[in-house]
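Note sheet for the following structure.
The values are calculated or read from the model by the stated rules, or taken from the named source; none is laboratory data. All of these numbers come straight from a predicted model, not from anything done at the bench. Note that we place each Cβ from the backbone using ideal geometry, even for glycine, and neighbour counts take in every protein chain shown. All accessible areas refer to the heavy atoms of the entire protein, side chains included, with ligands and DNA or RNA removed. Shrake-Rupley method; radii C 1.70, N 1.55, O 1.52, S 1.80 Å.
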Amino acid sequence: TRLACDAWLLPTDRSLTIEQAWIDQLQTLGVLGANGPEPPQAFEPALRTGRWLTTAEGTDIWATDVGGSAATDPAWFVDGAEAFVTAAARLARDRQPVNKRALPLLALPVVGTGAGGGAQAFGQVLEQLLPRLQDLAGSEQVDIVLVTREAAAFAAAQELRSTWPDERWPLDAHDLAEAGRLGELARSGRLVLFLGAGVSIGA
């Protein structure tokens, strides 16, 4: 809710229910009326996602059906995330990205693993979600942020990415070796970055 992005996924269910934790976050943004949240407009069930509203900063909030149960296949939650990315990317490509980014920026939580019913399948959802988002970022020409609120979830995502084979990263052998060298310098405290003032324009 606090990212300067072009669109983010608001978890809902088939009945377009918004959990209180998300309502609290939305109230801090000032996008809810005095009488509480206006419910999102119904979207086609087959799509599972629909743009609900746009903030004053130009960020679209997409209500997306990722509300299942403990018995829901983890792939179903991931399909909801893909529906959001595909729809939001299509709309974002027709406008100037927020903060003059080269590509639109989309954000989402680890879908379905909170009140969506998939908490016990967190690891399985994450295993399927991360590579799907990586592929979608390429095919839809967008940048994607996966937001994790807890340190354990962040660590799990980082660990999973570290196990990916090299072919998932579009780097040749020389670039991979250079990345490794820079990583070692950073770990040993011997890496200094010199950055021009323009690097902060996205912030």
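Assess whether Arg149 counts as being open to solvent by 50 Å² or more (accessible area, probe 1.4 Å) and under 30 Å from Gln25 (Cα atoms).
yes
Filter segment 1-35 for residues that are touching a helix residue (DSSP H, G or I) at 6+ places or on another chain (Cβ under 7 Å), hydrophobic (A, V, I, L, M, F, W, C) and touching a residue at least 60 places away in the same chain (Cβ under 8 Å) and give the result.
Residues satisfying the conditions are Ala4, Cys5, Ala7, Leu9.
Within segment 100-121, is even one residue over 30 Å from Thr72 (Cβ atoms), without any contact (Cβ under 8 Å) to a residue 12 or more places away in the chain, small (Gly, Ala, Ser) and in contact with a strand residue (DSSP E or B) (Cβ under 9 Å, 6 or more places away or on another chain)?
Yes; the residues of segment 100-121 include at least one that is over 30 Å from Thr72 (Cβ atoms), without any contact (Cβ under 8 Å) to a residue 12 or more places away in the chain, small (Gly, Ala, Ser) and in contact with a strand residue (DSSP E or B) (Cβ under 9 Å, 6 or more places away or on another chain).
Out of the residues in segment 101-121 that are in a helix (DSSP H, G or I) and in contact with a Ser or Thr (Cβ under 8 Å, 6 or more places away or on another chain), state the one that is least open to solvent (accessible area, probe 1.4 Å).
Only one residue fits best here, namely Ala121.
Pull up segment 44-100, narrow it to residues that are among the basic types (Lys, Arg), assigned to a loop (DSSP other than H, G, I, E, B) and surrounded by fewer than 17 Cβ atoms within 10 Å (Cβ to Cβ), then point me to the one that is farthest from the chain's Cα centre (by Cα).
Taking the candidates together, the pick is Arg95.
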